[in-house]
1. Are there any pairs, at least 6 apart or on different chains, whose C-beta atoms fall under 8 Å, with the first in region 79-94 and on the phi > 0 side of the Ramachandran plot and touching a residue at least 24 places away in the same chain (Cβ under 8 Å) and the second assigned to a helix (DSSP H, G or I) and crowded, with 17+ Cβ neighbours inside 10 Å, and if so, which?
2. State all residues of region 17-39 that are in a loop (DSSP other than H, G, I, E, B) and touching a helix residue (DSSP H, G or I) at 6+ places or on another chain (Cβ under 8 Å); if no residue qualifies, say none.
C-alpha cells in the first residue's frame, strides 16, 4: 500500500500562517478590508479544527470588532482585538 502525503498544509500550519500575518495588520485601517479577510480565513480554520460551535471558535468570534466606535477609540479597540486574537491563536496552535 502506497501512502500519498497531502500537499495541503495542516490546520496547525495554516493557523501559524495566520498568526504570522497579525503583525502586518497593526498598521492597516482598523477593522478594514485586510482585517476582515484575515479574520474570515482564521475563523474558518479554527472552525474546521475544533468545530463551528466549539469554545475555541466562539472565543475567536467574540472579539470580531466593530466599526461603530468613535475614531479615537477605534485604533485602541483594534489593537486590543489583534492582541487577543494573537494570544488565542498562539494557544490554539499549541493545542493542535
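The values are calculated or read from the model by the stated rules, or taken from the named source; none is laboratory data. Here the structure is a predicted model, which is why all the values come from computation and not from measurement. As a convention, Cβ positions derive from the backbone with ideal geometry for all residues, glycine included, and neighbour counts pool all protein chains shown.
1. Sorted first by the residue in region 79-94, then by its partner, the list stays empty.
2. We begin by selecting, within region 17-39, every residue in a loop (DSSP other than H, G, I, E, B); these are 26-32.
Hits for region 17-39 are 26, 28, 29, 30, 31.
Residue-wise test of (1) in a helix (DSSP H, G or I); (2) surrounded by 12 or more Cβ atoms within 10 Å (Cβ to Cβ); (3) at pLDDT below 95.
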position	(1), (2), (3)
6	no, no, yes
15	yes, yes, no
41	yes, yes, no
56	yes, yes, no
61	yes, yes, yes
65	no, yes, yes
